[in-house]
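The values are calculated or read from the model by the stated rules, or taken from the named source; none is laboratory data. All of these numbers come straight from a predicted model, not from anything done at the bench. Neighbour counts run over all protein chains shown; Cβ positions are idealised from the backbone, glycine included. Ligands, DNA and RNA are excluded from the accessible area calculation, which covers all protein heavy atoms including side chains. Shrake-Rupley method; radii C 1.70, N 1.55, O 1.52, S 1.80 Å.
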Amino acid sequence: MRKYTGKSVYGSVVIGKVSLPKRRTLAVKRIRVEDIQAEKQRLEEAKRISVLQLCEIYRRALDKVGEANAQIFEIHIMLVDDEDYIESVYSILESQGVNAEYAVAVTADNFAQMFAAMEDSYMRARAADVRDISNRLIANLMGNPPDIPMPESGNVVCAQDIAPSELILLDTDRVSAFIAAQGSSNSHAAILARNMNIPVIFGAGEEFLSEIKDGDNIIVDGFTGEIFLEPDIHTGALYLEKQIMHGERRRLLTELKGKENVTLDGRKINICANIGTLDNIGEVLLNDAGGIGLFRTESICFGRNEYPTEEQQLAVYRRVIESMAGKRVIIRTLDMDSDKSADYFTFKREENPAPGYRGIRVSLERPELFKIQLRALFRASVFGRLGIVFPMITSVKELSEVLDICERIKRELKEQSINYSENVEIGIMIETPAAALISDSLAPMVDFFCIGTNDLIQYTLVCDRQELDMKKYFDPHHEAVMRLIEMSAENAHKNSAWVGICGELAADTSLTEAFIRMGIDELSVEPSMVLKMRDTVRKLNLFI
């Protein structure tokens with residue numbers, strides 16, 4: 001058995017056989033030509049055919065991944081006629097007197113290298129789009145439509161890379177997974193794969209591709225990005241069990257996907273997912289969540305030697321927002337403390353750090369870092385539907401200071417002619433008794449409350465849920481906790497704000513009915529709990 005690891009974009013387990021597609025090689029030769037005008041006409045005809053093909057791909061994409069994600073191919077259509085791109089091709093034709101295929105190939109290399117050299121990881125991934133379009137033009141110039149990597153035998157297609165257009169045209173009845181030796185999890189192909197519910201693993205490596213052959217037994221773990229070639233009996237049995245469990249979840253998904261989260265008597269509630277890293281997005285999409293109710297941003301600080309730049313943060317937030325294709329994404333600003341930190345993010349020592357220096361207090365005392373995060377968030381807001389939630393707010397004064405900073409950031413972006421959405425929702429975490437008790441004063445200042453029950457319980461009952469000695473005192477259903485949640489919900493609604501719960505208590509099905517009766521508008525849970533919560537809600541009847 002041999003094991004490889006790549007970057008997965010969709011959680012699923014596939015057990016099958018390797019298929020190596022036989023792709024034509026586009027061998028572009030440099031040929032001297034006399035009639036440059038004829039080459040330009042050939043290029044125009046290839047462009048015309050390419051646009052027709054892309055329009056058909058766009059139509060199929062609408063059916064498979066929806067309008068928001070199908071826009072990728074509208075961008076491809078525009079790129080075929082991009083002024084700078086075509087000007088470069090024409091310049092090479094005229095200055096070198098060469099064939100159109102060669103001029104397109106050189107332009108493709110130049111533009112792809114330009115994108116690949118950019119600091120922004122999202123823009124680096126655009127190099128694949130340039131190559132996809134250029135290969136299509138070259139294939140049409142040669143009189144051969146672009147290949148579609150279809151399996152001849154096995155159901156796990158393995159290749160050097162996959163283009164967005166190839167992914168849309170894959171026959172998913174015959175292809176269970178795709179493994180690419182290269183490629184980026186930031187690419188348009190990755191975004192499409194998440195929405196098509198097909199495990200695609202990028203970056204498996206050249207060694208992987210050199211060691212496989214048609215018909216090899218293979219296991220693809222789309223949850224971890226692990227690949228097992230010729231697995232042993234133990235591994236096969238382990239993943240067969242995992243596949244069966246995942247199949248049961250898919251059965252629930254088949255029954256409940258697209259269904260409303262509505263009780264038998266007609267009460268609706270939104271069910272979203274909590275995530276901490278980009279790797280969790282596939283699970284969110286798999287489980288048909290109504291959006292992301294809480295994206296924790298602390299992970300962007302880990303594994304680095306310095307605080308992430310505005311561009312690095314923008315790339316992360318953009319990918320999260322774009323992946324949700326118009327569904328609301330709530331992103332929490334940094335909630336760092338002495339126990340949850342990075343080497344460069346030093347904290348003063350506290351005798352009892354739990355109630356002290358964390359959340360918004362850290363952000364307000366480090367305004368230069370707070371500003372970087374807020375600029376990245378507001379810039380990312382143009383790519384979808386964004387809400388920003390601030391952690392550990394305990395006073396009107398704190399919230400006023402935060403809102404003033406947000407306004408200054410927006411004015412600064414406007415002065416710099418940098419786009420941001422005017423529709424960003426602003427919210428706060430209700431995770432202390434102080435916030436809940438003054439929620440009537442806080443609610444008029446925001447669009448929503450997000451109740452973090454883990455900390456709310458801890459601070460209300462004065463006990464750490466992780467301490468075994470305190471376990472007997474830790475009662476998530478304590479009357480005081482329920483009253484604080486209900487009070488916050490009432491005050492939110494009185495002031496036209498909506499309210500959600502994003503802590504572990506949101507997934508406690510014994511409380512679902514009580515929360516809906518309180519008027520909770522949204523429950524945000526771990527991705528694997530979304531379907532269970534939907535099932536619970538749809539069986540409730542509040543008239544009984």
Taking the condition of being more than 22 Å from residue 238 (Cβ to Cβ), under 30 Å from the mean Cα position of the chain (by Cα) and not in a loop (DSSP other than H, G, I, E, B), how many residues in segment 201-222 meet it? 4
Quick test for you: out of 536, 509, pick the one residue that is open to solvent by 10 Å² or more (accessible area, probe 1.4 Å) and in contact with a Lys or Arg (Cβ under 8 Å, 6 or more places away or on another chain). 509
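Give 440, 464 a once-over and let me know the one that is of a type in the set (Asp, Glu), at pLDDT 95 or above and touching a helix residue (DSSP H, G or I) at 6+ places or on another chain (Cβ under 6 Å). Give the steps one after another, and end with the answer.
Details: 464 fails: at pLDDT 95 or above.
Being of a type in the set (Asp, Glu), at pLDDT 95 or above and touching a helix residue (DSSP H, G or I) at 6+ places or on another chain (Cβ under 6 Å) holds for just one of 440, 464, which is 440.
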What tally of residues in segment 361-381 results from selecting those that are open to solvent by 30 Å² or more (accessible area, probe 1.4 Å) and either touching a residue at least 24 places away in the same chain (Cβ under 8 Å) or not in a helix (DSSP H, G or I) (or both)? 8
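Any residue in segment 103-126 that is of a type in the set (Phe, Trp, Tyr) and over 23 Å from residue 167 (Cα atoms)?
Kept after step one, since they are of a type in the set (Phe, Trp, Tyr), are these residues of segment 103-126: 111, 115, 122.
Then drop every residue that is not over 23 Å from residue 167 (Cα atoms), which leaves none.
The answer is no, given that none of the residues of segment 103-126 is of a type in the set (Phe, Trp, Tyr) and over 23 Å from residue 167 (Cα atoms).
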Within segment 468-486, considering residues that are out of contact with any helix residue (DSSP H, G or I) (no Cβ under 7 Å at 6 or more places or on another chain), at pLDDT below 85 and open to solvent by 100 Å² or more (accessible area, probe 1.4 Å), the one farthest from residue 512 (Cα to Cα): 469
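Being at pLDDT 90 or above and open to solvent by 20 Å² or more (accessible area, probe 1.4 Å): is that true of residue 78 here?
no
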If we scan segment 191-200, do we find a residue that is open to solvent by 50 Å² or more (accessible area, probe 1.4 Å), assigned to a loop (DSSP other than H, G, I, E, B) and not polar (S, T, N, Q)? no
One residue from 293, 282 being within 24 Å of residue 158 (Cα to Cα) and surrounded by 15 or more Cβ atoms within 10 Å (Cβ to Cβ): 282
Could you go through segment 383-404 and let me know if any residue there is assigned to a helix (DSSP H, G or I) and under 17 Å from residue 292 (Cβ atoms). yes
Which of the residues that make up segment 426-456 are more than 24 Å from the chain's Cα centre (by Cα) and among the charged types (D, E, K, R)? 431, 440, 455
For residue 52, all conditions in the list (1) under 28 Å from residue 101 (Cα atoms); (2) in contact (Cβ under 8 Å) with a residue 12 or more places away in the chain; (3) open to solvent by 90 Å² or more (accessible area, probe 1.4 Å); (4) among the hydrophobic types (A, V, I, L, M, F, W, C) hold save one; what is the number of the exception? (2)
Return yes when residue 185 is under 23 Å from residue 324 (Cα atoms), open to solvent by 10 Å² or more (accessible area, probe 1.4 Å) and of a type in the set (S, T, N, Q) and no when it is not. yes
Between a first residue in segment 382-394 that is open to solvent by less than 10 Å² (accessible area, probe 1.4 Å) and a second residue that is of a type in the set (Asp, Glu) and part of a strand (DSSP E or B), which pairs have beta carbons less than 7 Å apart while being 6 or more apart in sequence or on different chains? 387/425
Does segment 337-348 contain at least one residue that is open to solvent by less than 30 Å² (accessible area, probe 1.4 Å) and at pLDDT 90 or above? no
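Got a sec? Which of 30, 2 is over 30 Å from residue 244 (Cα atoms), open to solvent by 80 Å² or more (accessible area, probe 1.4 Å), touching a residue at least 12 places away in the same chain (Cβ under 8 Å) and touching a strand residue (DSSP E or B) at 6+ places or on another chain (Cβ under 7 Å)?
Values: 2 fails: over 30 Å from residue 244 (Cα atoms).
Checking each option against the conditions leaves just 30.
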Which is surrounded by 18 or more Cβ atoms within 10 Å (Cβ to Cβ), farther than 29 Å from residue 287 by Cβ and touching a Leu at 6+ places or on another chain (Cβ under 9 Å), of 105, 61, 70? 105
Residue satisfying condition, being under 30 Å from residue 326 (Cβ atoms) and touching a helix residue (DSSP H, G or I) at 6+ places or on another chain (Cβ under 7 Å), within set 423, 454: 454
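So, in segment 442-456, of the ones that are touching a Leu at 6+ places or on another chain (Cβ under 9 Å) and in a helix (DSSP H, G or I), which residue ends up surrounded by the fewest Cβ atoms within 10 Å (Cβ to Cβ)?
From segment 442-456, those touching a Leu at 6+ places or on another chain (Cβ under 9 Å) are 442, 445-446, 449-454, 456; that's our starting set.
Next, only the ones that are in a helix (DSSP H, G or I) stay: 442, 445, 453-454, 456.
On the way: 442: 26, 445: 16, 453: 22, 454: 14, 456: 26.
It comes out as 454.
Please go through segment 399-431 and give me each residue that is within 30 Å of residue 461 (Cα to Cα) and open to solvent by less than 30 Å² (accessible area, probe 1.4 Å), ordered by number. If you could, list the steps in order and put the result at the bottom.
Going through segment 399-431, the residues within 30 Å of residue 461 (Cα to Cα) turn out to be 399-402, 426-431.
399, 402, 426, 427, 428, 429, 430, 431 - these are the residues of segment 399-431 that are within 30 Å of residue 461 (Cα to Cα) and open to solvent by less than 30 Å² (accessible area, probe 1.4 Å).
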Looking at segment 223-271, which of its residues are under 27 Å from residue 515 (Cα atoms), open to solvent by less than 60 Å² (accessible area, probe 1.4 Å) and part of a strand (DSSP E or B)? 262, 270, 271
Those residues of segment 516-544 which are hydrophobic (A, V, I, L, M, F, W, C) and over 19 Å from residue 11 (Cα atoms) amount to 516, 518, 520, 523, 533, 537, 540, 542, 543, 544
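If you go through segment 35-48 one residue at a time, do you hit one that is of a type in the set (S, T, N, Q), touching a residue at least 24 places away in the same chain (Cβ under 8 Å) and open to solvent by 20 Å² or more (accessible area, probe 1.4 Å)?
Start the filter on segment 35-48 by keeping residues that are of a type in the set (S, T, N, Q), which leaves 37, 41.
Next, from what is left, pick out any that are touching a residue at least 24 places away in the same chain (Cβ under 8 Å): none.
There is no residue in segment 35-48 that is of a type in the set (S, T, N, Q), touching a residue at least 24 places away in the same chain (Cβ under 8 Å) and open to solvent by 20 Å² or more (accessible area, probe 1.4 Å).
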